[in-house]
Structure formats: structure tokens, C-alpha cells
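See structure below.
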Amino acid sequence: MTGTKKAEDRSRQVVERLWSLATPVIRAEGMDLIEVEYRRESHGWVLRLFVDREEGITVEDCALVSRVVSDLLDVEDPISGPYHLEVSSPGLDRPLRKWEHFRDHTGQVVSVRTREALEGRRNFKGTLRNACPETIQVECDGTVHEIAIDNIERARLRYFDSQRL
């Protein structure tokens, strides 16, 4: 296995573990976990959590989540080696991870990258037409593409593109 593949596997395992560990403690604080990223950057490994709630997130909310999750990580110790913990709002071009995230943004513009090609392509940018627990439908260039949730590598809301509709 190559070094890159090992890093990807390590990252995927950490992300899966962090979703299950952090979701309940973040919910207990009245917020939702939107996305978890764990990747190597120029200054080392970074664990990045994106949190939100209906009325929005403040800097104080991010600091609170950082303290709570940091304590949890000290106890559970799911990551071997040093890393930087960052907690942030998802912003206007927010990541879309769960089918409920997609459902909440039906009718808006999204960009989606798939793990495996569909109809010869992996990148889709268009209007999100429908979302259910298994699939989403994105209309690009006049064609509606059905994409399995499990095949989505990453997806983001394109806020400013959505405002032009």
C-alpha cells in the first residue's frame, strides 16, 4: 500500500470514528455536526469540525465545541500522533454530507464530486432537484443525474450561484 493510500485510509477511519464520537456531545450543546475533515496540511495533521444550528454559529459556540470535543478526544484518544483541532461554521458554501443536508437545500445550486464516474463524469454542478436517503438528483446542462449518496465524495452548496436563480 502506498503512503498516500495509507494516509487516505487513516483519514477515512478517523473521520468515521469522529462522527460517532462527536455527534452526541455537539448535539447536547444544541448544535449539529455538519462535516468532519481530517487531513495532512503544510503544518501537519488538521482535524476540522464544521458545526451549525438554525440561528447560526458564533465564535463563542466554536470555542465551546472546541473545548468539549478536545476533552472528549483526550479521553477517547482516537487519533495517534499530533494534530490541530479547528471548529468552524460551515459558511455560505457549506458542505453537504447527509441526505438531510441535501433535502434542506432542494432547489439550490450544488457542486458534487463522486467517488466513481457516472455517465463518464465525476463532477456535477447544477440545481438540486430532489433528495432521499439513498440518492439525490442534480440537474446539470438540462439533464437530471441521479447520484447515490454513498457515491458522493464531497458536495457543497453554491450559495451565490443559488441567489442568481
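Kindly list the number of the only condition in (1) surrounded by 11 or more Cβ atoms within 10 Å (Cβ to Cβ); (2) over 16 Å from residue 25 (Cα atoms); (3) not charged (D, E, K, R) that fails for residue 81.
In the conditions (1) surrounded by 11 or more Cβ atoms within 10 Å (Cβ to Cβ); (2) over 16 Å from residue 25 (Cα atoms); (3) not charged (D, E, K, R), residue 81 misses (1) alone.
Could you please find all residues in region 86-114 being of a type in the set (A, V, I, L, M, F, W, C), within 12 Å of the chain's Cα centre (by Cα) and crowded, with 17+ Cβ neighbours inside 10 Å? So that I can check it myself, show each step before the final result.
Of the residues in region 86-114, the ones of a type in the set (A, V, I, L, M, F, W, C) are 87, 92, 96, 99, 102, 109-110, 112.
Now drop any that are not within 12 Å of the chain's Cα centre (by Cα), which leaves 96, 99, 102, 112.
Within region 86-114, 96, 102, 112 meet the criteria.
Are there strands (runs of 3 or more DSSP E) fully within region 1-108 with at least 1 residues that are farther than 27 Å from residue 161 by Cβ and among the charged types (D, E, K, R)? List them.
Numbers: elements: 32-41, 44-52, 84-88.
Where strands (runs of 3 or more DSSP E) fall fully within region 1-108 and carry at least 1 residues being farther than 27 Å from residue 161 by Cβ and among the charged types (D, E, K, R), they are 32-41.
A short reminder: the numbers here are calculations on the coordinates, not readings from a lab. Please read all numbers here as calculations on a predicted model, not as lab measurements. No Cβ is skipped: glycine too gets one built from the backbone with ideal geometry, and neighbour counts run over all protein chains shown.
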